[in-house]
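Okay, so here's the structure we're looking at.
The values are calculated or read from the model by the stated rules, or taken from the named source; none is laboratory data. In this text, all values refer to a predicted model and were calculated from it rather than measured experimentally. Here the Cβ is made from the backbone with ideal geometry for all residues, glycine too, and neighbour counts use every protein chain on show.
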């Protein structure tokens, strides 16, 4: 080692040490983000509420399904325990919801409930593995439309827990296996509400 | 002269290394600006790495009490922070209500909360890894139920 290079040694050692330590955090975070994004297709649950009133309220919520699946079991509050919601009316007025669902699941596609009245029309049908509920509220000045679309597999997963409880985590897990789907759509004179599932982490509307 | 240069270099290198180590986990930043009334302004910037370190110097009794008080929700905070680290860039919640505005998102592995309302603005930024560390420590101190 020459006299000149000997002087450079502490500088090089210092720089090497700085490079070793300084970029650890951000680089690790970036690389983990890239790997997590590319390793699996993320599924995101989106909720959007747009109000057309004078304030113009808007709500946008984007939740990764995997996060919801992991976090829900950590909530222990009121009727929600271990990712399951205890509900007291799975046998409402002598009507066994599970038995009805089993009957619907094993039956062919078709419209099971149709109610038509002066105020509203309601229909419940099964179509291509999905349970569809459509409500047309005619009472308001501008007609309100409510559409709910739930894959049968999700309903099955929700009811997979013990009696009188809904297994939300199992439902979310089943939902993650579905393609892009609009689960809830509500349009009335004041609000537009959408709940849907896709693989984007932002609301693009 | 050469000796002085070496000392200065050693000191500089130490400062750089200490700075790099201290700030490697980012910053905790809390900005509160009130433009109404007395108009208070609170600005706290602290390196995130010192928080888990500082927790070791808090008296055990105080930590146990904190663990007891936060026992109900700390496992949830820990689960959220741990999972959110997988989503370093995400828009989670955005609410506009007239002049009020709330936005919760992750950016570069930090949890960012922005809230604006007439007369008050709040910005909070905290590395998710720090929330994870702190919540894990506090959850571990919670009394067994």
(message) Taking the criterion of being under 21 Å from residue B:128 (Cβ atoms), within 14 Å of chain A (Cβ to nearest Cβ) and surrounded by 15 or more Cβ atoms within 10 Å (Cβ to Cβ), would at least one residue in the stretch B:1-16 satisfy it?
(response) no
(request) Please state which of the following conditions residue B:52 fails to meet, knowing it meets all the rest: (1) at pLDDT 85 or above; (2) more than 11 Å from every other protein chain (Cβ to nearest Cβ); (3) in a helix (DSSP H, G or I). (result) (1)
(message) One residue is enough: does the stretch B:75-91 have a residue meeting the conditions more than 19 Å from residue A:61 (Cα to Cα), modelled with pLDDT of 90 or more, assigned to a strand (DSSP E or B) and within 14 Å of another protein chain (Cβ to nearest Cβ)?
(response) no
(request) Those residues that are surrounded by fewer than 16 Cβ atoms within 10 Å (Cβ to Cβ) and either within 7 Å of another protein chain (Cβ to nearest Cβ) or not in a strand (DSSP E or B) (or both), I need them from the stretch B:92-102; list them, please. (result) B:93, B:97, B:98, B:99
(message) Looking at B:29, B:36, can you tell me which residue is in a loop (DSSP other than H, G, I, E, B) and either more than 14 Å from every other protein chain (Cβ to nearest Cβ) or under 25 Å from residue A:83 (Cα atoms) (or both)?
(response) B:36
(message) Among the residues that make up the stretch A:166-184, is at least one of them surrounded by fewer than 16 Cβ atoms within 10 Å (Cβ to Cβ) and either more than 22 Å from the chain's Cα centre (by Cα) or not assigned by TED's automatic domain parsing to the domain that holds residue A:50 (or both)?
(response) no
(request) Please work out which one of (1) at pLDDT below 90; (2) crowded, with 16+ Cβ neighbours inside 10 Å is the condition residue B:145 fails and give its number. (result) (2)
(request) Go through the stretch A:55-75 and give me each residue that's more than 8 Å from every other protein chain (Cβ to nearest Cβ) and surrounded by fewer than 17 Cβ atoms within 10 Å (Cβ to Cβ). (result) none
(request) List the helices (runs of 4 or more DSSP H) that sit entirely inside the stretch A:94-205 and contain at least 2 residues that are under 28 Å from residue A:42 (Cβ atoms). (result) A:152-158, A:168-176
(message) Given (1) touching a helix residue (DSSP H, G or I) at 6+ places or on another chain (Cβ under 8 Å); (2) touching a residue at least 12 places away in the same chain (Cβ under 8 Å); (3) outside any helix (DSSP H, G or I), identify the lone condition not met by residue B:124.
(response) (1)
